[in-house]
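The values are calculated or read from the model by the stated rules, or taken from the named source; none is laboratory data. Keep in mind that what you see is a predicted model, and the values were worked out from it rather than measured. Reconstructed Cβ throughout: ideal geometry from the backbone, glycine too, with neighbour counts over all protein chains shown.
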Amino acid sequence: MDYTNHLGVAKAGNPTLLNQIHTELYITEGETAEINDEHEARMIETVFKKPARPETTIRQEDIFKASPGRHEPIRTVLTKGVTGIGKTILIQKFTLDWAEDKVNQDIQFIFPFTFRELNVLKEEKFSLVELVHHFFTETKKAGICSFEDFQVVFIFDGLDESRIPLDFHKTTILTDPRKSTSVNVLLTNLIRGYLLPSARIWITTRPAAANQIPPQCVNMVTEIRGYTDPQMEEYFRKRSRDEEQASRIISHIKTSRSLHIMCHIPVFCWITATVLEDVLQTREKGTLPKTLTEMYIHFLVVQAKIRKVKYDGGAETDPHWTPESRRTVESLGKLAFDQLQKGNLIFYESDLTECGIDIRAASVYSGVFTQIFKEERGLYQDKVFCFIHLSVQEFLAALHVHMTFINSAVNLLEEQQTSSWWSKFFNAPKLQYVHQSAVDKALQSPNGHLDLFLRFLLGLSMQPNQILLRNFLPDTLSSSQTIQETVQYIKKKLSMNLSAEKSINLFHCLNELNDRSLVEEIQQSLTSGSFSTDELSPAQWSALVFILLSSEKDLDVFDLKKYSASEEALRSSFTGFLRIFKFLFYLTDFICLCVSFRLTHCNLSERSCGALSSVLNSQSCSLRELDLSNNDLQDLGVKLLSAALQSPHCTLETLRSGVKYFTADHFSSEWYYLINN
């Protein structure tokens, strides 16, 4: 079994073996398979904040071993993880170590399936034995049919890509592994344990699709968190044999918050390494890319260079872009945009044909465009395709929107396109209108699905980035007026009552546009000691929240007094403070914002207590110490807080109040002792 790194091969004939490049992933045991449809860029920003409660970490070889204190055997494991976090690599490494007799020698057979492959069989009928023989012909040749006599592991990779309707409530019960039925019935009965109950089942999925499997059918939920900082550094040092180059790459990543966050995703580490190694080799003293847009433009250029050398026989010094390669990328951009609008991450040959894509030319871009179809099977009529990562699809979609406007003055983000040349002449569209449409659409998205797309689209309007794409984009550079109008539009939006997640993404957008004025204004006053929350504008509040949430350090103690010029102003401005208070805790995924929160002399109202109660009741709140000294909470405020303190999600260990309203009737005897002593 000769697994190679699925993240692409830089040079023909020089594959990277999985064992050589593999770096252990950070895997934790979860609790439930709840749905989470947030954009995964948002999820990864919160992954490595200090957890509210101790976590149970799991090594990949122990995925079916019960943790201490758990007595029932582990039959079915559901592993969650964002796109590119390493779910497929984890399965490959688990299987490879087993095949090399390193671990789990109690297992006789491992059968790894992907939902991409199963999708094309959804209309056909198989018995379980026939399905195994269909995919693993060696078992058929060996005449192995009684899988109940062996310890078997079935792996189903990519539940989020399934097009098979899994109905766990109405599906007919099936117990005979030799009886033919639909793939839907086979899978549901196998997962439920009616079919081959002695088998172990391992399912991987993106978080948004985890709820497709009923909780009662899952013995353990695990989550791949990607790389911790030490694991990330280990990856780059393994990847590069040049220690000095690896150290420079690691140091550079740490200077950019956006890049550092994304590099917790293994596939982004590969993209970053691909780009930075090329830049360091070709420009010794060149400026390394700091924004996501810069990084992805370089990545696209590297792929064009590889194509030119590897497939066209050109030299590395030759122009990267040919008419053919431009047409291919333009077609890929159209596909990316069309499928992004539909919410599709995988697509079929017919989708490519609709976009005018030559499949053979597209497969040349092995790093950008992955051909999933395993031709050696010889069993399917359809081929399945996807981009190497969702962010690559979002980048190419943004590139398509930008190029369409530059080439034909068409705003693809408008609901109704203007077809009359007369209207176009007298209402000449401007690039900033495209940007404004994108900002509006991103803010309207309830789960941030256009967040990265927006950042890429705005970044593509910057002249340095357009110069990087010379000979690909037309020779027209965006004006500074366009950039400034877009910046002002974003700042106007920041003055509105936005959620913390949306505000943070808009600040990332300003960073792509090289405008840091709001953040620098707050940072300067914080550094000088002149900062006060007494008269902050809504946009400035948002800037402060962004600074706090983006801080490299955990926000262990937050004391409101440090953010106000006087105690009197503090009391009178708490309505303003409540805004940042809600912002700080609205995004519950940032579970380590505060360990200790001090709200002394704040004149807390009953309404404020209600907001505080919601925070304490949040499942992800990590607050351990709360100081409410010298506040007249009133009875309703006390009742609201008491309900939160009795919540199973409350992590408070210390509560200081000094308030006579807290009585033993409100709390358990343990809490009453903590509060009053």
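A few notes on this one:
- Positions within the range 49-78 being at pLDDT below 85, crowded, with 17+ Cβ neighbours inside 10 Å and under 20 Å from the mean Cα position of the chain (by Cα), in sequence order: Lys49
- Subset tally (residues that are surrounded by fewer than 19 Cβ atoms within 10 Å (Cβ to Cβ) and in a helix (DSSP H, G or I)) for the range 447-496: 13
- Residue check for Gly8: more than 25 Å from the chain's Cα centre (by Cα) and modelled with pLDDT under 55: no
- Applying the set (1) at pLDDT below 90; (2) within 29 Å of His649 (Cβ to Cβ); (3) more than 27 Å from the chain's Cα centre (by Cα) to Met1 leaves exactly one unmet item: (2).
- Residue-level check: of (1) at pLDDT below 75; (2) under 30 Å from Pro207 (Cβ atoms); (3) surrounded by 19 or more Cβ atoms within 10 Å (Cβ to Cβ), Leu616 misses just (1).
- Single residue of Met295, Met262 found to be in contact with a Pro (Cβ under 9 Å, 6 or more places away or on another chain), among the hydrophobic types (A, V, I, L, M, F, W, C) and closer than 22 Å to Thr83 by Cα: Met295
- Residue check for Ala246: of a type in the set (A, V, I, L, M), at pLDDT below 85, out of contact with any strand residue (DSSP E or B) (no Cβ under 6 Å at 6 or more places or on another chain) and assigned to a helix (DSSP H, G or I): no
- Residue within the range 104-123 that is closer than 23 Å to Thr23 by Cβ, among the basic types (Lys, Arg) and in contact (Cβ under 8 Å) with a residue 12 or more places away in the chain present: no
- One residue from Ser657, Ser629, Ser647, Ser642 being at pLDDT 50 or above, in contact with a Gly (Cβ under 9 Å, 6 or more places away or on another chain) and of a type in the set (Gly, Ala, Ser): Ser629
- Enumerated helices (runs of 4 or more DSSP H) restricted to the range 255-357, each holding at least 2 residues that are crowded, with 18+ Cβ neighbours inside 10 Å and in contact with a Cys (Cβ under 9 Å, 6 or more places away or on another chain): 266-282, 323-342
- Test set (1) under 22 Å from the mean Cα position of the chain (by Cα); (2) modelled with pLDDT of 75 or more; (3) closer than 30 Å to Ile467 by Cα - Gly367 fails condition number: (2)
- Of all residue pairs spaced 6 or more apart or on separate chains, those with beta-carbon atoms under 6 Å, a first member in the range 485-507 that is under 22 Å from Leu431 (Cα atoms) and a second member that is surrounded by 18 or more Cβ atoms within 10 Å (Cβ to Cβ) and of a type in the set (D, E, K, R) are Val487/Asp515; Asn505/Asp451.
- Taking first residues from the range 56-76 that are within 25 Å of Tyr227 (Cβ to Cβ) and partners that are among the charged types (D, E, K, R) and loosely packed, with under 13 Cβ neighbours inside 10 Å, no Cβ contact under 6 Å between residues at least 6 apart in sequence or on separate chains turns up.
Conditions (1) in a loop (DSSP other than H, G, I, E, B); (2) of a type outside the set (A, V, I, L, M, F, W, C); (3) buried (at least 19 other Cβ atoms within 10 Å of the Cβ), marked per residue:
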site: Leu186; (1), (2), (3): no, no, yes
site: Tyr194; (1), (2), (3): yes, yes, no
site: Ser198; (1), (2), (3): yes, yes, no
site: Ile201; (1), (2), (3): no, no, yes
site: Gln216; (1), (2), (3): no, yes, no
site: Glu223; (1), (2), (3): no, yes, yes
site: Gln231; (1), (2), (3): no, yes, no
site: Glu234; (1), (2), (3): no, yes, no
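- For the range 293-314, the count of residues that are within 19 Å of the chain's Cα centre (by Cα), among the β-branched types (Val, Ile, Thr) and within 23 Å of Leu457 (Cα to Cα) is at least one.
- Verdict on Asp160 being of a type in the set (Asp, Glu) and farther than 16 Å from Leu90 by Cβ: no
- Any hit, the range 139-154, residues being of a type outside the set (Phe, Trp, Tyr), surrounded by 15 or more Cβ atoms within 10 Å (Cβ to Cβ) and within 33 Å of the chain's Cα centre (by Cα): yes
- Of all residues in the range 116-134, those satisfying the criterion of being over 27 Å from the mean Cα position of the chain (by Cα) and assigned to a helix (DSSP H, G or I) are Leu128, Val129, Glu130, Leu131, Val132, His133, His134.
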